[in-house]
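Bear in mind that the values in this text are calculations on the coordinates, not laboratory data. The structure presented is a predicted model; accordingly, all values stated were derived computationally and were not measured. Counting neighbours? That spans all protein chains shown, and the Cβs are built from the backbone with ideal geometry, glycine included.
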Ligand SMILES: [Mg+2]
Ligand SMILES: [Mg+2]
């Protein structure tokens with residue numbers, strides 16, 4: 001049968017980052033044949049590489065660069081999924097500065113192609129995670145650009161979003177919420 | 001209107017790598033609203049990072065790591081696309097060692113979810129590029145594991161694959177071939 005890392009038993013464990021929780025959820029979804037979703041590697045601009053004899057190439061100088069897309073994508077029952085995951089320690093609102101214009105543009109382009117796009121938003125101090133539809137996000141994003149508020153109120157995310165609570169082997173059971181978007 | 005890099009006029013230019021040709025094709029498809037497909041960043045294992053005051057973090061030691069998926073994925077008219085691109089200088093066959101087990105496993109998992117999976121194979125000395133269906137690739141891969149041949153004959157790829165010839169602004173017009181897979 002499928003093997004899980006031992007950390008799988010620590011669901012709900014505090015201190016796991018949102019990325020770790022999603023990676024575990026994605027592994028579980030993949031080994032159980034439910035979906036294939038991966039986090040993209042962090043884009044790195046490589047400046048200098050050494051090629052020592054008889055051993056692996058060593059990157060000696062490199063810089064983190066800005067991603068041109070969201071962090072996660074994959075396929076679920078024939079549907080293309082595309083999302084980003086963001087944490088905030090703010091209790092009352094999610095600051096829009098956590099998103100970049102190119103991520104919004106990317107999600108819009110994917111939506112236009114029939115992809116299912118959303119954000120996974122974690123309020124760290126509340127220990128609450130939500131799936132929030134990209135269309136709701138666009139509305140706040142566009143309003144901000146017309147001089148509107150720079151954050152999405154917690155109350156809006158709690159009302160329109162879909163709350164995701166940890167299950168055994170599944171820290172963030174987001175596919176159940178995706179089913180409501182289809 | 002959409003802006004294209006000036007290299008777009010150099011279609012068919014020798015010396016462009018397959019990756020560069022695909023990146024240009026993907027940019028063209030995206031700005032013209034036909035599909036959203038990106039190459040994933042190269043996965044890097046970071047060992048040491050310096051954080052100089054008042055300037056960007058510098059990665060001082062890192063290594064190339066093996067990708068757990070294929071290099072390209074995205075969405076096209078509601079379809080999830082997943083593929084890898086491989087070049088060979090071999091004229092008579094495509095060596096299967098260009099693929100790794102985890103890439104085959106990943107494509108199979110995506111196929112099982114209803115994704116459209118394939119390889120883009122370039123015979124560099126012939127200057128010929130083909131879209132080759134994942135199912136045809138699996139057949140050779142599995143046969144190899146049972147002691148069969150370690151490469152796919154050029155003749156098989158030319159017969160079953162779909163030839164892709166450069167068009168204006170589109171070095172590798174693979175979506176036309178994808179239409180034949182739907
Ligand atoms: Mg992110
Ligand atoms: Mg590759």
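Between the stretch A:77-132 and the stretch B:129-173, the C-alpha centres lie 37 angstrom from each other. Set the Förster distance to 45 Å, then compute FRET efficiency between residue B:126 and residue A:45 from the Cβ-Cβ distance, nearest 0.05. That gives a FRET efficiency of 0.85.
Note on residue A:167 and residue B:102: the model spin-label points, each 7 Å out from Cα along the C-beta direction, lie 2.7 nm apart. Per residue, the convex hull spanned by the Cα atoms of the protein assembly as shown amounts to 178 cubic angstrom. Placing a label point 7 Å from Cα along the Cα-to-Cβ axis, residue A:176 is separated from the same position in the other copies by 4.8 nm, shortest listed first.
In the assembly of identical copies, residue A:108 has its label point, taken 7 Å from Cα in the direction of the beta carbon, separated from the corresponding points by 4.2 nm (ascending, one decimal). With all pairs of different C-alpha atoms in the average, the Kirkwood value for the hydrodynamic radius of chain A is 17.9 Å. Per-residue ellipticity at 222 nm from helix content only, as computed over chain B with -39500 (n - 2.57) for each DSSP H run of at least four residues, stands at -8500 deg cm²/dmol. FRET efficiency for the pair residue B:32 and residue A:66, taken as 1/(1 + (r/R0)^6) with r the Cβ-Cβ distance and R0 = 30 Å, rounds to 0.80. Taking square-rooted eigenvalues a ≥ b ≥ c of the alpha carbon gyration tensor, is the stretch B:140-182 rounded, prolate or oblate, where a/c under 1.5 means rounded and, failing that, a/b exceeding b/c means prolate? Verdict is prolate for the stretch B:140-182.
Packing here is the average count of other Cβ atoms within 10 Å per residue, and on that basis the peptides B:74-81, A:172-179, highest first, run B:74-81, A:172-179. Answer rounded, prolate or oblate for the stretch B:29-110, using the Cα gyration tensor with square roots of eigenvalues a ≥ b ≥ c: rounded when a/c is under 1.5, else prolate when a/b is larger than b/c, else oblate. Oblate shape, in that a/c is at least 1.5 and b/c is the bigger or equal ratio.
Report the normalised scattering of the stretch B:112-163 as log10 I(q)/I(0) at q = 0.23, 0.27, 0.32 Å⁻¹, calculated by the Debye formula with identical scatterers on the alpha carbons. These q points yield log10 I(q)/I(0) values of -0.90, -1.08, -1.24. Put simply, when A:127-135, A:42-50 are sorted by average Cβ atoms within 10 angstrom per residue, most first, you get A:127-135, A:42-50.
Between residue A:158 and residue B:92, how high is the FRET efficiency from 1/(1 + (r/R0)^6) when r is the Cβ-Cβ distance and R₀ = 56 Å? Nearest 0.05. With R0 = 56 Å, the Cβ-Cβ based efficiency is 0.35.
Take residue A:90, move 7 Å from Cα toward the beta carbon, and the resulting point lies 5.5 nm from the same point in each other copy, nearest first.
With a 10 Å cut-off around each Cβ of B:44-54, the average count of Cβ atoms from other chains is 2.
The protection proxy used here, the mean number of other Cβ atoms lying within 10 Å of each residue, ranks peptides A:20-26, A:158-164, B:143-149, A:86-92 as follows, highest first: A:20-26, A:158-164, A:86-92, B:143-149. Based on Cα contacts under 8 Å between residues 6+ apart, chain B shows a relative contact order of 22 percent.
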